[in-house]
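The values are calculated or read from the model by the stated rules, or taken from the named source; none is laboratory data. If you're wondering where the values come from, they're calculated on a predicted model, not measured in any experiment. Note: ideal-geometry Cβ built from the backbone for every residue, glycine included; neighbour counts use all protein chains shown. With ligands, DNA and RNA removed, areas are computed over all heavy atoms of the protein, side chains included. Shrake-Rupley method; radii C 1.70, N 1.55, O 1.52, S 1.80 Å.
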Amino acid sequence: MRHETERQHLVTVLKELKEWGVLNPAGGAVSMRLADGNILMSTTRLAFNRWHVTVNDFIVLDPDGQIIERTAALGATGTPMHLDLYRMLPRAGAIVHTHAPYSLAFASLGLPIPSVTNRADTFGEIPCLHADDQTVKAGVLDNPVPLEMPEGMVQRPDVAAVTLLHYRPQLEKLIASRAQEMERHGLGFTLYRHGAFTVGRQMEETADLMLRMEESAQTAYLQAGLTNGTVYPNRLYRPQDRMRLSTGRTATDTSPVSSDLTRRVSP
């Protein structure tokens, strides 16, 4: 078995994410870019196993998703998104995907996560990408369409179609266009009704970004309880920059690029 040091590193990170309450049995994944350019990522069903992870519970894929080394199950259905992010972001060294509760609450409404703490400011925008996954999955099951799915992932075309046909274009527009920001900081986003992703230059940074994102989402939620639904990204110094969570907008009305919640002011 190759890359044992890196595998052990991911075991440790997954254990810590679980202890910190951002990783649960609903799903998730981690991956990292190896020195040779290949991708080491967690395999499917780890969430169902309550994240009891060993060094065998990872798969090594080439950048196109072909299997280099398999010691357990295949990559999860989110494999194409991991591969796309590494392709789009040359500085990306690691990815963390979780179903953390507070960021998921924002994602369930199709809302971007506001930066209400100084620890979240380095993200810039934290958009929510949108897809009508229920309709897409049902459509693919009823009328299968040809999809180029990576060899190293669970072959679920109904799930893969959501990423390949709907999220990939949004990643190109909203995330790949910010590749230069990776020279200074990592990026984050959520998927509608699904969960959160952070992308960093190495695994420690990427895990920390997930904690920052969840902290900001939790703080925004708590703010709303104190202010009857209004979230203030910077109440004392930008009092005009506020928005009620109960805007009445639907998910399809909410821009995946930005919103009042996530405006930035150049220094």
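Computed values, structure above
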item	result
Selection from LEU17, TRP51, ILE39 lying farthest towards where the dipole of segment 1-54 points positive, charges on Cβ	TRP51
THR71, THR206, reordered so the largest accessible area comes first (probe 1.4 Å)	THR71, THR206
Beta bridges per DSSP with both ends in the chain, % antiparallel, nearest 5	90 percent
Neighbour cut-off at most 10 other Cβ (10 Å), DSSP loop, trypsin sites (Lys or Arg not before Pro), segment 1-109	ARG50
Full-stretch length increase - HIS52, LEU165 - with 0.36 nm per residue and alpha-carbon distance subtracted	37.4 nm
Whole-Hz ³J(HN,Hα) from phi, Karplus 6.51 cos²θ - 1.76 cosθ + 1.60, for segment 65-79, glycine and proline x	x, 7, 6, 9, 8, 10, 10, 7, 7, 7, x, 6, 5, x, 3
Centre separation in Å (Cα based) which lies between segment 41-85 and segment 199-240	30 Å
Options ASN234, CYS128, LEU147, ranked by Cα towards positive dipole end of the chain, top entry (Cβ charges)	ASN234
Rounded to whole Hz, the Karplus (6.51, -1.76, 1.60) HN-Hα couplings of segment 224-234, x for glycine and proline	4, x, 8, 10, 6, x, 9, 10, 10, x, 7
Using θ = phi - 60° and Karplus 6.51 cos²θ - 1.76 cosθ + 1.60, couplings along segment 3-16 (whole Hz; Gly, Pro as x)	6, 5, 4, 5, 4, 5, 4, 5, 4, 5, 4, 4, 4, 5
Estimated [θ] at 222 nm from DSSP helical runs (n ≥ 4, -39500 (n - 2.57)) normalised by residues in the chain, nearest 500	-8500 deg cm²/dmol
Debye, to nearest 20: dipole size of segment 41-134, +1 on Lys, Arg Cβ, -1 on Asp, Glu Cβ	280 debye
Cα gyration tensor, segment 72-136 - rounded (a/c under 1.5), prolate or oblate	oblate
Label-zone membership for segment 137-172, site ILE67, 7 angstrom Cα→C-beta point, backbone N under 11 Å	151-154
Part-to-part distance (alpha-carbon centres) for segment 132-192 and segment 97-118, which is given in Å	19 Å
Separation in nanometres of the label points that stand 7 Å from Cα toward Cβ, at GLU16 and GLU4	2.2 nm
Total charge dipole magnitude, the chain, about the Cα centre, Cβ charges on Lys, Arg, Asp, Glu only, Debye to nearest 20	680 debye
Selection from LEU104, ALA160, THR79, by position along the positive dipole direction of segment 58-169 (Cβ)	LEU104
Estimated dipole of segment 173-239 in Debye, rounded to 20 [Cβ of Lys and Arg +1, of Asp and Glu -1, Cα centre]	340 debye
Probe 1.4 Å, protein heavy atoms only - accessible area per residue of the chain in square angstrom	46 Å²
Carbon + sulfur, % of accessible area of the chain - ligands and nucleic acids excluded, 1.4 Å	51 percent
GNM top mover of GLU205, GLU151, GLU214 - the chain, alpha-carbon springs below 10 Å	GLU151
Interchain or long-range residues, amide H under 5 Å from ILE113's placed H	ILE126
GNM top mover of GLY75, GLY152, GLY229 - the chain, alpha-carbon springs below 10 Å	GLY229
